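Report on the structure given below.
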Amino acid sequence: MATETPDRVGTLAMATEPEHGPAKDLYRRIDGQLDYPTDLLDTPGLLHGAILRSAHAHARLIRVDVSRALTMPGVHAVVTAEDVPGLNRFGIVVRDQPVFCEERVRFEGDAIAAVAADSRAEARAAMAAIDVEYEPLPPVTEAVTADRQPPLHDGGNLIAQEVLDRGDLEAAFARCSFIVENEYRTPRQMHAFMETEGGVAIPDADGGMTFRVGCQSGHRDVEQLADILGLETEKVTVEAMATGGAFGGKDELTIQPAAGILALKTGRPVMIHLDRFESCLAGIKRHPVSVRMTTGCDAEGRILAHQVEAVLDTGAYASLGPAVLENFLDHATAPLYRIEAYRVFGRLVYTNNGLCGAFRGFGGNQATFAVESQMDALAEKLGMCPQDFRRTNLRSLGDTGSRDQRVRWTASPAEVLGLAAASPLWRWQEDVGGRWLQGTGMAMGSQGNGLGDGLPDSGGGRICLTSEGRFRIEFGFADYGQNISDAISRMVCQGLECHPDDVNVVLGRSKGPDSGPTSASRSSVLVHSVLSRALPQLKAALCQRASELTGLAQEALSPGPGGIFYRQEKVLDYRELAGNTVAGDLVVDADLDFPVAPDQGQPVGRYLQLLIATVARVEVDRLSGRVKVVDLHHITAAGKVIYPAGYLGQIEGAAVMGLGMALTEDMPMQDGCYQADNLDQYLIPTFQDAPTQRVDVLDDTADDDPFPVRGVGELGIEAVAPAITAAIEAATGVRVNRLPVSPGDLLAEMEARESSQ
Amino acid sequence: MATVMTDRAEVRVLRPDSAREAVTLARQHGGTYVAGATWLQPSCERGRNWPPFFIALDARWPGFRGLQESHQGLTIGALTTLDTLSHHPLMKEYLPCLTGRNGLMNLLAGPGVRRLGTLGGNLMAGGDLTALAFALDARIQLVGDDDPRGDRLVWRYPDLKSTDLISALVIPDCRRWRVAVEKLGHRERFSPTRATIACVYDGNRFRMAVCGEGGPGRLEISEAALNDGAASSTTTADWYQALDAELEGLGWHDARLRLAIRRVLVHQHEELSDGD
């Protein structure tokens, strides 16, 4: 891809210089040397746990007989619902999921019992010896009609429904010259993280429990686990270790409840590590969405009316489904565009299908796929260039958001669009009648930071000088591959002008500061805000204490690599400084209430907003209908880049995840049973499928912007799918509204078009 | 000795000294032959259902590994790895369409699997090479109770028993033939096969075969219609219909995939006819 960029736009490239490139830890991670929680196999006294899961999607549980399993070799404990010491329920939003099922199983994979044994094989053998009697019940599998089916929970199968509306929709549609109505479907995507769900529960002598696990919110997990284990929250500790990927799939509790109960029962550490089959079966997925969108514009291409009806299938339990619904609806209002009237309606339903919950993009990218497809459909109906059509309707900097809330962008949407329109990818080769049809398409997206909608959202961090003379920076976030430690280390080195060896970043300990969940693209915002306040305070405290110890003027002192400097000469190293200071004197805590629109009683949507336009170039095989994504060009406006390698990795990685959702990834279900059970059937993109990518950064962040750094963990996935389907349409004339794109369906459409020409 | 329980409890691996002994053991114990085990491992793990016996095949047995030219053509030992096939000079000479970066071999699984997986295993599992073997009119050599016998490769041939053991594949001298083979996968590499389609032109007749989701098979009716069509009243539409019906009869029930196969075969036919 050519590298022409306007002066105001930077193109990110992987830096190779040590001072700009990835930290040493990243190479350890790539080499497989970084220990994950499931590597803690040398924990003294470790037992291995296994979870017995339901063989039916929906059944009455008649009998669970563990007597034979208890006599199996190596078995130390077998636990069922009767052994849960506290609350036999968990769930981030609604505590509706049993740790172990009592009278009913609601999905194939529901937990019924668990075993702790000397080895994993013995635990599995004992698990197979548990005698379970079921009375199968008809499964509820169709999300669209689920709320009219027999209830899976008290209160019925409709968990939540919500309407967002503005203006007189009927009148607005009456004035439309062009209306398009389409149905869209998005797949049940799996996170497919490298390290499947797992970790260790370690009981202590005082009746407490420590969890070393892969998770995304240690502090929140402590509350749920304490309730399940019947312990005071002070007795429960969660250490969220660096884990091999999460992407939302470890936001909910996974193995912790069963491991904790087994550890309590045996008094020994218990590790549970799901294998890939079990992870596929029991793990959280992205919500499949069915949505009908009707959108109309006037003769000049101004969008007047927009109606949305959507159903999200959350499976047997809610998890974060209600929050996903909210974010879906927010994105379904088409927040980038001025629309006179809309009615956006969505339902979240229980079914006996697999569990769905948090996943990078969190409902937003499903909505954006449909919204951006509608933009292209209207433009085509109008006979207008899709870019011009978008330009006609885009909001401007300073406009309120689609829900009349104040929003804070870091660049103008029109400028992002302009840069996408100037992408070199539009200059593709002429079709010369070869086997591969080429096409280029684009889509736009916006993504907010933070939990949004006024949900409680705050967090903090701590920085101190330790007795070893190192700066210890603590946040509650988990590192699941985004390498936020490196970003934190760089910010500290920049703020204190010290060396990376002076910095020790500690993450994910529930006994440390609560930074809130590692989700919603909120970590970078929080880290930057906390450090912006904490570092100057610490710097002043360091210099003051150094002044007291050296007798030099405080104003003339400054921290630097390894110690305090006076006129570019080190006069006191950090160890010496710490050794001569009362412990606790050089500690700074800071926190942040996550920013919401300042002038709203009950905030809606998200205040801090990011923008992206993705241009995709594809090739479509005339013979088979298979699609290859050749290039992706992203134009991002997401504040200042503080860690280029991390920014690039997030955008490119998320885009490949979006590519998978668009082309190959789905966990189809039949009668409540998954039709794929491992990564040889569930196909994620390989390196050979990853396109050439270019990431441009448009940084118009105002100098006085109090939040110049934004989180980009989800931005890259936002517009990929509709950009790819737009490119497919450019290549073949066929618009695909159902993901993943079926090569067979596409080929049949292409054949039909050829026959009619 | 203390009992150690594993996920693969009660699996015994038998190591015969010869191919003939392997066949005898298979007949006595009903065991499963194992060589590279790349197909066996995931399929057994899937159901946690391991057979009681494996009979380990040994690539050092005479004729089981390597490539050799003869008056019959090219003989390839069944335990020759896929990786060897993708780089071997004789393969470049006989079947250049398999080698090189874009050759079929590079589309079979991943490098790690190719280093373990064998030709025999691929054929027995109905893998990607099956279609080519059919289209080439290749022959398999079996190790039986009696003398080794050769037969034309026919999948689920009534005489081919589960205890029969392939020792080699013999392909005719195809150096002057035109050969096209195409794998339709879901992604660029390491993809399960939707369909692998092979078309061979020996200067006289076209031969076509498929393998994949619908199972392996030679498209003899379609071949006949194509080869003899010029002398009869067969139209293109007739041929499409015949091909579609033949594929469906073989077990290819997805009409969209049959459409893709048809388009690929037409493309291959045009390519191989070019210059005639």
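Values for this structure:
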| read-out | value |
| --- | --- |
| Count of region B:40-98 residues which are outside the structural domain of B:Gly126 (by TED's automatic domain parsing) and part of a helix (DSSP H, G or I) | 8 |
| Among the residues listed as A:Ala201, A:Ala146, A:Ala111, A:Ala117, the single one being in contact with a Cys (Cβ under 9 Å, 6 or more places away or on another chain) and buried (at least 20 other Cβ atoms within 10 Å of the Cβ) | A:Ala111 |
| So A:Pro722, is it of a type outside the set (Phe, Trp, Tyr), in a loop (DSSP other than H, G, I, E, B) and in contact (Cβ under 8 Å) with a residue 24 or more places away in the chain | no |
| Residue check for B:Thr130: modelled with pLDDT under 90 and more than 14 Å from chain A (Cβ to nearest Cβ) | no |
| Any hit, region B:1-9, residues being within 14 Å of chain A (Cβ to nearest Cβ), modelled with pLDDT of 80 or more and at negative phi | no |
| Subset of region A:740-757 (residues that are more than 14 Å from chain B (Cβ to nearest Cβ) and assigned to a loop (DSSP other than H, G, I, E, B)) | A:Gln757 |
| Some residue of region B:255-270 being away from chain A (no Cβ under 12 Å), in contact with a helix residue (DSSP H, G or I) (Cβ under 6 Å, 6 or more places away or on another chain) and touching a residue at least 24 places away in the same chain (Cβ under 8 Å) | no |
| Verdict on B:Ala125 being within 25 Å of B:Leu184 (Cβ to Cβ) and out of contact with any Cys (no Cβ under 7 Å at 6 or more places or on another chain) | yes |
| A:Leu611 being assigned to a strand (DSSP E or B) and farther than 21 Å from A:Arg694 by Cα | no |
| Scan of region A:696-735 for residues that are under 23 Å from A:Phe594 (Cβ atoms) and hydroxyl-bearing (Ser, Thr, Tyr), ordered by number | A:Thr701 |
| Leading residue by the ranking (nearest to the chain's Cα centre (by Cα)) among those in region A:124-140 that are surrounded by fewer than 21 Cβ atoms within 10 Å (Cβ to Cβ) and among the small types (Gly, Ala, Ser) | A:Ala128 |
| Region A:664-712: number of residues that are more than 10 Å from every other protein chain (Cβ to nearest Cβ), closer than 30 Å to A:Ala282 by Cα and among the hydrophobic types (A, V, I, L, M, F, W, C) | 5 |
| Check on A:Gly660, modelled with pLDDT under 95 and either among the acidic types (Asp, Glu) or assigned by TED's automatic domain parsing to the domain that holds A:Ala13 (or both) | no |
| Residue match in region A:221-236 (condition: at pLDDT below 95 and in a loop (DSSP other than H, G, I, E, B)) | no |
| Top-ranked residue in region A:260-301 [being part of a strand (DSSP E or B), farther than 30 Å from A:Ala370 by Cβ and away from chain B (no Cβ under 14 Å); ranked as nearest to the chain's Cα centre (by Cα)] | A:Ile272 |
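The values are calculated or read from the model by the stated rules, or taken from the named source; none is laboratory data. Just so you know, these numbers come straight off a predicted model, no measurement behind them. Cβ sites come from the backbone with ideal geometry, for glycine too, and all protein chains shown count toward neighbours.
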